[in-house]
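First the structure, in the form of structure tokens, and then the observations on it.
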Amino acid sequence: MERNQMRRQLALIRQSFFDQGFLDEQFIQLEELQDDANPNFVEEVVTLYYRDSSRLILNIDQALERNPLDFNKLDNYMHQFKGSSTSIGAKKVKAECTQFREYCKAGNSEGCMRTFQQLKKEYAILKRKLEAYFQQARQAGPLETACRSRN
Amino acid sequence: MGAAVDHVTPMGMSGGSAEGNDKSEGQRFSCKSKLTALVVDNGGVCRAIQTALLRSYGVETEAVETGEAAVELIASGATFSLIIIEMLLPFMNGPGTAKQIRAMGAQSKILGITAFFDRRDRQEFLAAGADDFIEKPLSPEIVIPIIRELDN
């Protein structure tokens, strides 16, 4: 059956996100919160993440154009960025946030700028992957076994 | 501290019972008494996730964006079993919020939370009246023992 094949493929794609380090177990916690009352919780939260983060990225980009850099401001932006990235399980993005903050604390402008480019790259890669994943999930249709139903 | 979480394998099959997710019986952990919580975080994603997590355990949860909003809510008479406050808030910060809440006589359990753990932030939060201070994400391993404690 095509639908079962799609779901098997979807499961493999999902597993690859963990195997390749894009997502960590926090993403599973989000899936655990998805149920009949909140059937699209994961996609909604991820969509919210990308919407809010795009604003933060713009702010950080602008802040990185200043001379000299306001490390305190950058640190504050990154604090929020890391908080939300951690909360959705965006493992690689989270790691770049941590690295960025180290450079901030050290007052290392070049380090901040370099790390932020890498962060944006990881962020965009994950976004593409998740968007494709959710699109395929919609095509495959709802799972009979939701994360919080009986085994 | 806290039990290891068994990873949920694809298609929603659990490897076994983990803290708070007793999937072997298909039941999710739930609080016994009527518990209420307030989430104070200027990030929409964190508010959404923390609120959903607490509600999934039966805790009636509200969320606000600022320390000022939290203080106003409590000043208006709202009481909460648990208040989770982000360290970095837009105006009055987390510890400042906790201090004002305690000054109003609130007996709630206050949990400070942050994106980047810092010892000095922890000291500041605890001195302000928080009961504990953790790094995000808010996880079942953290929440379930708190709920059990509040239930008793």
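Let's test the formula: R0 of 25 Å, r as the Cβ-Cβ distance of B:ASP151 and A:GLU44. What FRET efficiency results, to the nearest 0.05?
Values: r = 30 Å, r/R0 = 1.19.
My answer for the efficiency is 0.25.
Just subtract the alpha-carbon distance of A:ARG8 and A:GLN62 from 0.36 nm times their residue separation and send over the number in nm, one decimal.
Values: separation 54, 0.36 × 54 = 19.44 nm, distance 4.31 nm.
Length gained between A:ARG8 and A:GLN62: 15.1 nm.
For an R0 of 30 angstrom, estimate the FRET efficiency from the Cβ-Cβ distance between B:MET104 and B:ALA127 and round to the nearest 0.05. Write down the numbers at each step before the final one.
Values: r = 17 Å, r/R0 = 0.58.
Result of the calculation: an efficiency of 0.95.
Residues with beta-carbon under 10 Å from that of B:PHE133, excluding B:PHE133: net charge, scoring Lys, Arg +1 and Asp, Glu -1? Mind dumping the intermediate values first?
Working: positive: B:ARG119, B:ARG122; negative: B:ASP118, B:ASP121, B:GLU124, B:ASP131, B:ASP132, B:GLU135.
Surrounding charge for B:PHE133 is -4.
Just tell me which aspartates and glutamates come within less than 18 Å, Cα to Cα, of A:LYS127; anything on the same chain fewer than 8 places away is out.
Output for A:LYS127: A:ASP19, A:ASP24, A:GLU25, A:GLU31, A:GLU43, A:GLU44, A:ASP52, A:GLU96.
Within straight cross-link reach of A:LYS121, meaning Cα distance under 17 Å, which lysines are found once same-chain residues fewer than 8 apart are removed?
List returned: A:LYS82, A:LYS91, A:LYS92, A:LYS94, A:LYS129.
Sequence neighbours fewer than 8 away in the same chain don't count; with that in mind, list the lysines whose C-alpha is under 20 Å from B:LYS32.
List returned: B:LYS23, B:LYS109.
For the protein assembly as shown, just say rounded, prolate or oblate: build the C-alpha gyration tensor, square-root its eigenvalues into a ≥ b ≥ c, call rounded for a/c under 1.5, and beyond that prolate if a/b exceeds b/c, oblate if not. Walk me through the numbers before you get to the answer.
On the way: a/c = 2.05, a/b = 1.10, b/c = 1.87.
Oblate.
What trypsin sites (Lys or Arg not before Pro) does segment A:9-101 have in DSSP loop regions with at most 16 other beta carbons within 10 Å? If you can, show how the numbers build up before the last one.
Details: sites: A:ARG14, A:ARG51, A:ARG55, A:ARG66, A:LYS73, A:LYS82, A:LYS91, A:LYS92, A:LYS94, A:ARG101; in loops: A:ARG66.
Those satisfying the criteria are A:ARG66.
Please arrange A:CYS104, B:CYS46, B:CYS31 by how many other C-beta atoms lie within 10 Å of their C-beta, fewest to most.
By the 10 Å Cβ count, ascending: B:CYS31, A:CYS104, B:CYS46.
Label-point separation (nm) for A:THR98 and B:LYS34, each offset 7 Å from Cα along Cα-to-Cβ?
The answer from the label model is 4.3 nm.
None of the figures in this text is laboratory data; all of them are computed from the coordinates on show. Please read all numbers here as calculations on a predicted model, not as lab measurements. Neighbour counts run over all protein chains shown; Cβ positions are idealised from the backbone, glycine included.
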